[in-house]
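The values are calculated or read from the model by the stated rules, or taken from the named source; none is laboratory data. Computed from a prediction, not measured in an experiment: that's the story for all the values here. Cβ sites come from the backbone with ideal geometry, for glycine too, and all protein chains shown count toward neighbours.
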Protein chains: 2
Amino acid sequence: MSDINITRLDASSADFNRQLQHLLAFDDADDLEIHQRVLAIIADVRNNGDKAVIDYTNRFDHRAVTRASELELSPETLKSAWNNLPAEQAQALQTAADRIRAYAEHQKMESWQYTEADGTVLGQKITPLDRVGLYVPGGKAAYPSSVLMNAIPAKVAGVGELIMVVPAPGGETNELVLAAAYLAGVDRVFTIGGAQAVAALAYGTETIPAVAKIVGPGNIYVATAKKLVFGQVGIDMIAGPSEILIICDGKTNPDWIAMDLFSQAEHDENAQSILISTDVAFLGAVELSINKLLPTMERAGIIRTSLTTRGALIKVSDLNAAVDVANIIAPEHLELSVEDPEALCKNIRHAGAIFMGRYTAEALGDYCAGPNHVLPTSSTARFSSPLGVYDFQKRSSLINCSQAGADTLGKTASILARGESLTAHARSAEFRIK
Amino acid sequence: MSDINITRLDASSADFNRQLQHLLAFDDADDLEIHQRVLAIIADVRNNGDKAVIDYTNRFDHRAVTRASELELSPETLKSAWNNLPAEQAQALQTAADRIRAYAEHQKMESWQYTEADGTVLGQKITPLDRVGLYVPGGKAAYPSSVLMNAIPAKVAGVGELIMVVPAPGGETNELVLAAAYLAGVDRVFTIGGAQAVAALAYGTETIPAVAKIVGPGNIYVATAKKLVFGQVGIDMIAGPSEILIICDGKTNPDWIAMDLFSQAEHDENAQSILISTDVAFLGAVELSINKLLPTMERAGIIRTSLTTRGALIKVSDLNAAVDVANIIAPEHLELSVEDPEALCKNIRHAGAIFMGRYTAEALGDYCAGPNHVLPTSSTARFSSPLGVYDFQKRSSLINCSQAGADTLGKTASILARGESLTAHARSAEFRIK
């Protein structure tokens, strides 16, 4: 196997910013044809409900469903998936679920209010979503850990009913996924997928109840459908390829760092693994580790493509320069494999999750550290956050004016409303002036 | 002027749910032609920067701009707009700004972390967005109150730079809007609008800096452009027509209730004003008030169309039934004009803002009560929240594993990763096991 050829950059070079933008660029253009095909599926499901869902499911998932009720898995099916799990896997899933739940409990928002001197009360009331849909991909990309990461925060938020959809190509289901659904407390599971599943959750059918929000990853049809039903329901972020950025001072075992880079690269050819170091000799050592370890990896082909086309080893003059690069990249996963990660972390402004210290492998966060592994990709950490309990709660403003408060506020509102020529607003306020 | 004809419904009738859905239905279908026109404008601005922005601005806003620098208003222009304001309006805007800021301070999220027994630290770090774009419509729909409501929470969040865009048709600007921008601490103002302004903010040009998130209302081109740049930047919700739902026990002055209904109806023909009462005689009294007051209103034509086509008076058997209807509607604005609004409020699950008691006119909340007037419309209160400080902050997960923590977690992660056939993940975790 030939040595791998990874892009080398130097942050002090005059052309670095342009090179970095080129490295990060990822063409994720909207495909108009897919867009139109998905629009048609959504319209069909809205108009024809179960019948359309059955037709698409039979066609795309090679099934022979005749009644919509066949699309739902019984609670017993989920329970027996859990009961049939090897003890070691059950124990590991249970540990992960417990830790995800414990962390999520810290994210719960609470209602608050305060009373002003004149007796007027202002506040914010927190309520959970009534019903949420969780999309789980079928086939090889079916990850029980993702079921836990999406379902547990919803349950902690107090969501009334959690509906999971997962395609069952040829009728085949993934027992680990069903076991995770059982463990996470998913309420109902339908074996449907694709744009038709998203449409069914958004608008409801005779059999599948409409939800308030749809979360979870999927292919381009699922992602497009989620974008198109946004507004009718809430959605989580549209996920791009996975990324890791590692900042290392050169004193971590290079094999560890190489394997950490692999752990993103193995996800898919478009995944992006970048290492930044102040120590150019260390970059060389990691490259040697990469070439040493690559032939031993199950997914060597995917890793090689990912590292060759999208990976990079970046030399910086000092750790502050590394932080500057990290803030430009706004990575999904950021490992601070350095002596004093707290000091560095203070200046990090944009990252989905920050893994601090040499022992905090990103993979620990993927499964069981507790924080969510659903994270903003493609630089969206500049404006968005990990999936959390807060995504399954919402706020209502509370305003309760005393008579005195309405008198004072009414005068101000009247002036401003008349300034905007909204006289019904003004007169409505003026009625409450003494 | 003929009496107005408002839909009457009875929640106890067998057909009520269908009638209610019919009343709420609002066709807001995506227009493919607008979609494609906006896509072209975005591509043009991405490729040609300032030149494209100038071209569209000259064409759509009837201007004769030759250099991009002409598009920016000077700080002095904003300051003098504020200085030239009549004292009464300046005082009212200042009062509103102070109250909006005081309420917003309660929404600020703070970082947190906790340490586990083995020394592992988990937490969440809060950071503000670097730079935000605020879209302000030009012409008659230019509301200084909206500038305050969008800009102040961003500033409270600690956003580094706030860029406002507002079209200036024929070169005309709205002095009240500029004064509000000055008061709210907006950093830079460009007189551009439409899809070209959204594209410029999303991707940046030579003159207009790229932002992380775009907020603020706009016409269908602006709304479509915001949808299309979502992902490149964050956006707030896409606002539909304004709505008010009033629940009244029949003991509030019917003139007050009529004017509260008008205060939404005057916004636009598609606005929706609905009154629910247990007292059918009161519904009649409000109808009389409507017909008495309507001829005195500046926007009588708009109000009449709105109330006739989208308004309703709904009779319910008791206040619990009213709450059930409110939870189906999930209104933007909900007035609880009853004796004990706290009792009713407990059971409200979905509403953008809740106005409690007979003195709390919705108009007070629009201007100066403190809570934001940017609220989820069209039933989206089922899954989304008022605009707030939290929309201008984001979270990063923090994970700092001790050596002991990595040892324990590594074993769990290894089992789960191997269950998902992700062996680089597994080996990365295993490297940290003692």
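Take A:Asp50 and tell me if it is within 25 Å of A:Val222 (Cα to Cα), surrounded by 14 or more Cβ atoms within 10 Å (Cβ to Cβ), touching a Leu at 6+ places or on another chain (Cβ under 9 Å) and not aliphatic (A, V, I, L, M). Before you say what the answer is, go through the steps one by one.
Values: within 25 Å of A:Val222 (Cα to Cα): yes; surrounded by 14 or more Cβ atoms within 10 Å (Cβ to Cβ): yes; touching a Leu at 6+ places or on another chain (Cβ under 9 Å): yes; not aliphatic (A, V, I, L, M): yes.
It is true that A:Asp50 is within 25 Å of A:Val222 (Cα to Cα), surrounded by 14 or more Cβ atoms within 10 Å (Cβ to Cβ), touching a Leu at 6+ places or on another chain (Cβ under 9 Å) and not aliphatic (A, V, I, L, M).
Could you grab me the full set of residues in the range A:189-214 that are among the hydroxyl-bearing types (Ser, Thr, Tyr) and under 19 Å from A:Val147 (Cα atoms)?
Step one: filter the range A:189-214 for residues among the hydroxyl-bearing types (Ser, Thr, Tyr), giving A:191, A:203, A:205, A:207.
Correct list: A:Thr191 only.
When the residues of the range B:118-151 are filtered to those that are part of a loop (DSSP other than H, G, I, E, B) and of a type outside the set (D, E, K, R), which remaining residue is surrounded by the most Cβ atoms within 10 Å (Cβ to Cβ)? Show your work before the answer.
Going through the range B:118-151, the residues part of a loop (DSSP other than H, G, I, E, B) turn out to be B:118-120, B:129-130, B:136-138, B:142-143.
In the following step, the residues that additionally are of a type outside the set (D, E, K, R) were identified as B:119-120, B:129, B:136-138, B:142-143.
On the way: B:Gly119: 12, B:Thr120: 24, B:Leu129: 26, B:Val136: 28, B:Pro137: 19, B:Gly138: 23, B:Ala142: 19, B:Tyr143: 25.
Among those that are part of a loop (DSSP other than H, G, I, E, B) and of a type outside the set (D, E, K, R), it is B:Val136.
Starting from residues that are closer than 20 Å to B:Leu183 by Cβ and free of Cβ contacts under 8 Å to residues at least 24 places away in the same chain, keep the ones in the range B:90-111 and report whichever is farthest from the other protein chains (Cβ to nearest Cβ).
B:Asp98
Are any residues in the range B:1-59 β-branched (Val, Ile, Thr), touching a Ser or Thr at 6+ places or on another chain (Cβ under 8 Å) and under 30 Å from B:Gly311 (Cβ atoms), and if so, which ones?
Matches in the range B:1-59: B:Ile4, B:Ile6, B:Ile34.
Suppose we filter the range A:216-241 for residues that are more than 11 Å from every other protein chain (Cβ to nearest Cβ), under 16 Å from A:Ser146 (Cβ atoms) and surrounded by 22 or more Cβ atoms within 10 Å (Cβ to Cβ); how many remain?
4
Answer yes or no as to whether A:Val186 is surrounded by 20 or more Cβ atoms within 10 Å (Cβ to Cβ), within 10 Å of chain B (Cβ to nearest Cβ) and either under 21 Å from the mean Cα position of the chain (by Cα) or more than 21 Å from B:Ile235 (Cα to Cα) (or both).
Details: surrounded by 20 or more Cβ atoms within 10 Å (Cβ to Cβ): yes; within 10 Å of chain B (Cβ to nearest Cβ): no; either under 21 Å from the mean Cα position of the chain (by Cα) or more than 21 Å from B:Ile235 (Cα to Cα) (or both): yes.
No: the conditions fail for A:Val186.
Just the residues that are in contact with a Leu (Cβ under 8 Å, 6 or more places away or on another chain) and either within 11 Å of another protein chain (Cβ to nearest Cβ) or within 30 Å of B:Ile348 (Cβ to Cβ) (or both), please, taken from the range A:72-89.
If we filter the range A:72-89 for residues that are in contact with a Leu (Cβ under 8 Å, 6 or more places away or on another chain), which is where we start, we get A:73, A:77-78, A:81-82, A:85, A:89.
Those that are in contact with a Leu (Cβ under 8 Å, 6 or more places away or on another chain) and either within 11 Å of another protein chain (Cβ to nearest Cβ) or within 30 Å of B:Ile348 (Cβ to Cβ) (or both): A:Leu85, A:Gln89.
Sort out for me the helices (runs of 4 or more DSSP H) sitting completely within the range B:283-352 that have 1 or more residues that are under 30 Å from A:Gln113 (Cα atoms). Before you say what the answer is, go through the steps one by one.
Details: elements: B:300-310, B:319-329, B:341-345.
Correct list: B:319-329, B:341-345.
Looking only at the range B:163-179, decide whether some residue is buried (at least 24 other Cβ atoms within 10 Å of the Cβ) and either part of a loop (DSSP other than H, G, I, E, B) or among the polar types (S, T, N, Q) (or both).
Within the range B:163-179, one or more residues are buried (at least 24 other Cβ atoms within 10 Å of the Cβ) and either part of a loop (DSSP other than H, G, I, E, B) or among the polar types (S, T, N, Q) (or both).
From the list A:Ala184, A:Ala197, A:Ala102, which one is out of contact with any Asp or Glu (no Cβ under 7 Å at 6 or more places or on another chain), aliphatic (A, V, I, L, M) and farther than 25 Å from A:Ala225 by Cβ?
Only one candidate passes the filter, namely A:Ala102.
Take B:Ser421 and decide whether it is assigned to a loop (DSSP other than H, G, I, E, B), within 9 Å of another protein chain (Cβ to nearest Cβ) and within 30 Å of A:Gln113 (Cβ to Cβ). Steps first, answer last, please.
Numbers: assigned to a loop (DSSP other than H, G, I, E, B): yes; within 9 Å of another protein chain (Cβ to nearest Cβ): yes; within 30 Å of A:Gln113 (Cβ to Cβ): no.
Criteria not met by B:Ser421.
I need a count of the residues in the range B:339-370 that are within 19 Å of B:Ser146 (Cα to Cα), out of contact with any strand residue (DSSP E or B) (no Cβ under 6 Å at 6 or more places or on another chain) and either of a type outside the set (A, V, I, L, M, F, W, C) or more than 7 Å from chain A (Cβ to nearest Cβ) (or both).
Here the count works out to 3.
Which one of the conditions (1) touching a Lys or Arg at 6+ places or on another chain (Cβ under 9 Å); (2) facing chain B (nearest Cβ under 7 Å); (3) over 30 Å from B:Arg427 (Cα atoms) does A:Val389 fail to meet, given that it meets all the rest?
The one condition A:Val389 does not meet is (2).
Report, by residue number, each residue of the range B:253-299 that is under 20 Å from B:Val323 (Cβ atoms), within 14 Å of chain A (Cβ to nearest Cβ) and charged (D, E, K, R).
Once the filter is applied, which keeps residues that are under 20 Å from B:Val323 (Cβ atoms), within 14 Å of chain A (Cβ to nearest Cβ) and charged (D, E, K, R), the range B:253-299 yields only B:Asp260.
State whether the residues of the range B:313-326 include one that is buried (at least 20 other Cβ atoms within 10 Å of the Cβ) and closer than 14 Å to B:Asp260 by Cα.
For the range B:313-326, residues buried (at least 20 other Cβ atoms within 10 Å of the Cβ) and closer than 14 Å to B:Asp260 by Cα: present.
Residues in the range A:207-216: is at least one at negative phi, over 15 Å from the mean Cα position of the chain (by Cα) and outside any loop (DSSP other than H, G, I, E, B)? First the steps, then the outcome.
In the first step, residues of the range A:207-216 are kept if they are at negative phi; the result is A:207-215.
Next, from what is left, pick out any that are over 15 Å from the mean Cα position of the chain (by Cα): A:207-212.
Subset that is outside any loop (DSSP other than H, G, I, E, B): none.
The answer is no, given that none of the residues of the range A:207-216 is at negative phi, over 15 Å from the mean Cα position of the chain (by Cα) and outside any loop (DSSP other than H, G, I, E, B).
On the basis of being of a type in the set (D, E, K, R), touching a residue at least 12 places away in the same chain (Cβ under 8 Å) and surrounded by 11 or more Cβ atoms within 10 Å (Cβ to Cβ), does B:Asp55 make the cut? Even if it seems obvious, please write down each step before you answer.
Values: of a type in the set (D, E, K, R): yes; touching a residue at least 12 places away in the same chain (Cβ under 8 Å): no; surrounded by 11 or more Cβ atoms within 10 Å (Cβ to Cβ): yes.
No, not satisfied.
For the range B:272-282, give me the residue count where each residue is part of a helix (DSSP H, G or I) and either crowded, with 18+ Cβ neighbours inside 10 Å or modelled with pLDDT under 95 (or both). Working first, answer last.
As a first pass, look at the range B:272-282 and keep what is part of a helix (DSSP H, G or I): B:280-282.
From what's left, either crowded, with 18+ Cβ neighbours inside 10 Å or modelled with pLDDT under 95 (or both): B:282.
Result for the range B:272-282: 1.
Pick from A:Gly240, A:Gly234, A:Gly284: which is among the small types (Gly, Ala, Ser) and under 20 Å from B:Ser428 (Cα atoms)? Outline the logic, then answer.
On the way: A:Gly240 fails: under 20 Å from B:Ser428 (Cα atoms); A:Gly234 fails: under 20 Å from B:Ser428 (Cα atoms).
Answer to the selection: A:Gly284.
Looking at B:Asp236, B:Asp268, can you tell me which residue is of a type outside the set (Ser, Thr, Tyr) and more than 30 Å from B:Asn47 (Cα to Cα)?
Working: B:Asp236 fails: more than 30 Å from B:Asn47 (Cα to Cα).
After applying the criteria, what remains is B:Asp268.
Looking at A:Tyr56, A:Tyr135, A:Tyr143, A:Tyr114, can you tell me which residue is at pLDDT 95 or above and facing chain B (nearest Cβ under 9 Å)?
A:Tyr114
Would you tally the residues in the range A:223-271 being out of contact with any His (no Cβ under 8 Å at 6 or more places or on another chain), farther than 16 Å from A:Arg304 by Cβ and in a loop (DSSP other than H, G, I, E, B)?
Residues of the range A:223-271 that are out of contact with any His (no Cβ under 8 Å at 6 or more places or on another chain), as a first pass: A:223, A:225-227, A:229-240, A:246-262, A:265, A:267-271.
With farther than 16 Å from A:Arg304 by Cβ added as a condition, the list becomes A:223, A:225-227, A:229-240, A:246-257, A:260.
This time we only want the ones that are in a loop (DSSP other than H, G, I, E, B), so: A:231-232, A:236-240, A:249-253.
Residues flagged as out of contact with any His (no Cβ under 8 Å at 6 or more places or on another chain), farther than 16 Å from A:Arg304 by Cβ and in a loop (DSSP other than H, G, I, E, B) within the range A:223-271 amount to 12.
When you scan the range A:261-270, do you find a residue that is closer than 27 Å to A:Gly138 by Cβ, charged (D, E, K, R), surrounded by 18 or more Cβ atoms within 10 Å (Cβ to Cβ) and touching a residue at least 24 places away in the same chain (Cβ under 8 Å), even just one?
If we filter the range A:261-270 for residues that are closer than 27 Å to A:Gly138 by Cβ, which is where we start, we get A:262-270.
With the extra rule that they be charged (D, E, K, R), the set shrinks to A:266, A:268-269.
With surrounded by 18 or more Cβ atoms within 10 Å (Cβ to Cβ) added as a condition, the list becomes A:266.
Next, only the ones that are touching a residue at least 24 places away in the same chain (Cβ under 8 Å) stay: A:266.
The answer is yes, given that some residue of the range A:261-270 is closer than 27 Å to A:Gly138 by Cβ, charged (D, E, K, R), surrounded by 18 or more Cβ atoms within 10 Å (Cβ to Cβ) and touching a residue at least 24 places away in the same chain (Cβ under 8 Å).
Please go through the range B:325-343 and pick out each residue that is under 20 Å from B:Arg8 (Cα atoms) and without any contact (Cβ under 8 Å) to a residue 24 or more places away in the chain. So that I can check it myself, show each step before the final result.
Of all residues in the range B:325-343, those under 20 Å from B:Arg8 (Cα atoms) come to B:325-331, B:334-337.
Correct list: B:Asn327 only.
Rundown of residues vs (1) in a helix (DSSP H, G or I); (2) crowded, with 22+ Cβ neighbours inside 10 Å; (3) among the hydroxyl-bearing types (Ser, Thr, Tyr); (4) more than 40 Å from the chain's Cα centre (by Cα), yes/no style:
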site: A:Asp366; (1), (2), (3), (4): yes, yes, no, no
site: A:Asn372; (1), (2), (3), (4): no, yes, no, no
site: A:Thr377; (1), (2), (3), (4): no, yes, yes, no
site: A:Leu387; (1), (2), (3), (4): no, yes, no, no
site: A:Ile399; (1), (2), (3), (4): no, yes, no, no
site: A:Ala406; (1), (2), (3), (4): yes, yes, no, yes
site: A:Leu409; (1), (2), (3), (4): yes, yes, no, yes
site: A:Ala413; (1), (2), (3), (4): yes, yes, no, yes
site: A:Ile433; (1), (2), (3), (4): no, no, no, yes
